[in-house]
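Comments concern the structure below.
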Amino acid sequence: DKGGFPHYMLKEIFDQPNCLRDCMRGRLFAEDDMGGNDAYDPSTGYADPNVHNDVVLSAVRNNRDRLLSASRFIIVACGTSWHAGLIGKQLIEHYCKIPVEVDYASEFRYRDPVIYPTDVVIAISQSGETADTLAAIKLAKEKGACIFGIVNAVGSSIARETDTGIYIHVGPEIGVASTKAFTGQLTCLILLALALGHTKGTIDEKEYVDMIHELNAIPAKIEEVLKHNEDIRLLARTYTYATNFLYLGRGWNYPVALEGALKLKEISYIHAEGYPAAEMKHGPIALVDNMMPCLFVATHHKGYEKIISNMQEVKARGGRIIAVVSANDDEVSKIADAVIEVPDTLAPLAPLLSVIPLQMLAYHIAVEKGLNVDMPRNLAKSVTVE
Ligand code: M6R
């Protein structure tokens, strides 16, 4: 059921606020929460009025020692899930001070990787059936690593192969282009990093509480971003001519740039490259001319000034610029051809907002081009072949 939307992809984009509420329910307890997320004590099954400003994950509670004694985390995934993994690395390193590697499952499994029994391998998958991710965790398991799943499909092959984990709980995703699964994966990774960091004592108490409050506010902020849908539809019309696109971001938003480029490629068949913005001058800037639109993810966080310089470099070469910016930004609009505002938030949560316009842009460009957005050519929802 498309719920009145013309495509599953658009429905799933618009479902994200409620999907993330479902994902956080029973896990995130914010003191200012006015309902729908009552503190829940898993041992009694009753709401626990004493739990406030906390993240409760049974996977962390029950595997505390194993997770905290890990010398290293290795994240394995494919496609969009791998992009979520890149943000997961930043989150776990920042809040838990545990080194994290991120690998394509298909590279990891064929590379004879060094895996220690003290490693924790996190598999991220929407379908839970991706052949390479499944094979990667089987290999890691044989070598004694603990396997932690972040999976959407309950009871799927990857979920069954893991030792512990968190279900994403965003409901079935039908559109081939992953949207709500990505923001759900990010939410799970944020919850995991917060719960683990708090248990380990590596997160500052104020930062912990601030993150809890801000994460609790994210679904409503996504609703704000979704209000730009019509503007983005009109913007999309301008870009159907493009045969190439560059997506650029830094820090927390660098994986968002990769994800935006992947969305555009897979459903609109426009070649798009995602790059860390600072890498542009090491090669890709040679591509920039007036036929190469560049999308900058430029929210008001660390690296903002630098990304403005990158934008000026593109502008000087005639490139068309679309920018995703924080609310009330008055610098970027002086340079960019079009800006899309997202509400302000804490830097580690920025991807949850900045990715939404990129999903909508890819969707509307594909629709304008008359393409089948829910079932793009050559792609399957679950990649069960190796
Ligand atoms: O089901 P998974 O999360 O394991 O799938 C991984 C990729 O195949 C998937 O994310 C793919 O890249 C999407 N079509 C991207 O939108």
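The values are calculated or read from the model by the stated rules, or taken from the named source; none is laboratory data. Quick caveat, the model's predicted, so the values are computed rather than measured. Counting neighbours? That spans all protein chains shown, and the Cβs are built from the backbone with ideal geometry, glycine included. Accessible surface areas use protein heavy atoms only, side chains included; no ligands, DNA or RNA. Shrake-Rupley method; radii C 1.70, N 1.55, O 1.52, S 1.80 Å.
List the residues, sorted by chain then number, that are 5 or more residues from Ala323 or on another chain and whose placed amide H is less than 5 Å from its amide H.
Phe296, Ala338, Val339, Ile340
Using 32 Å as the Cα-Cα cut-off, could you pick out the over-long pairs in Lys227/Lys265; Lys143/Lys265; Lys143/Lys206; Lys206/Lys265?
Where the Cα-Cα span goes over 32 Å, the pairs concerned are Lys143/Lys265; Lys143/Lys206; Lys206/Lys265.
What are the residues whose amide H is under 5 Å from the amide H of Ile122, where those residues sit 5 or more places off or on another chain and H is modelled from the backbone?
For Ile122, the qualifying residues are Ile74, Ile75, Val76, Phe148.
Rolling a 1.4 Å sphere over the protein heavy atoms, what is the accessible area per residue of the chain, to the nearest Å²?
For the chain, the per-residue accessible area is 40 Å².
At what distance in nm do the modelled label points of Leu379 and Arg237 sit from each other, each positioned 7 Å from its Cα along Cα→Cβ?
Going from the Leu379 label point to the Arg237 one covers 2.5 nm.
Just grab the label-to-label distance for Lys206 and Thr118, each label 7 Å out from Cα along the Cβ direction, in nm (one decimal).
Placing both labels 7 Å along Cα→Cβ, they lie 3.4 nm apart.
What FRET efficiency comes out for Lys97 versus Asn244 if R0 is 41 angstrom and r is the Cβ-Cβ distance? Round to the nearest 0.05.
Computed FRET efficiency for Lys97 and Asn244: 0.55.
Given the rule -39500 (n - 2.57) for each run of at least 4 DSSP H residues, summed and divided by the residues of the chain, what is its mean residue ellipticity at 222 nm, to the nearest 500 deg cm²/dmol?
-13000 deg cm²/dmol
Ranked from highest to lowest mean number of other Cβ atoms within 10 Å per residue, what is the order of the peptides 370-380, 225-235, 259-269, 18-28?
The packing order, highest mean first, is 259-269, 18-28, 225-235, 370-380.
I'd like the Karplus ³J(HN,Hα) series for segment 339-347: coefficients 6.51, -1.76, 1.60, θ = phi - 60°, whole numbers in Hz, and an x wherever there's a Gly or Pro.
10, 10, 8, 10, x, 6, 7, 6, 3
Roughly speaking, to the nearest percent, how much of segment 164-279's 1.4 Å accessible area is carbon and sulfur?
53 percent
Under DSSP H, which helices of the chain have Cα atoms covering 20 Å or more of the helix axis and a Kyte-Doolittle average no less than 0.5?
The answer, listed by residue number, is 180-200, 350-368.
Under a 10 Å cutoff between Cα atoms, tell me which one of Gly155, Gly197, Gly128 has the largest fluctuation in the Gaussian network model of the chain.
Fluctuation is largest for Gly155.
Heavy atoms only, probe 1.4 angstrom, no DNA, RNA or ligands counted: give me Tyr208, Tyr110, Tyr275 ranked by accessible area, highest first.
These residues rank, largest area first, as Tyr110, Tyr275, Tyr208.
Once label points are set 7 Å from the Cα along Cα→Cβ at both Val154 and Lys138, what is their separation, rounded to one decimal in nm?
Rounded to a tenth, the inter-label distance reads 2.6 nm.
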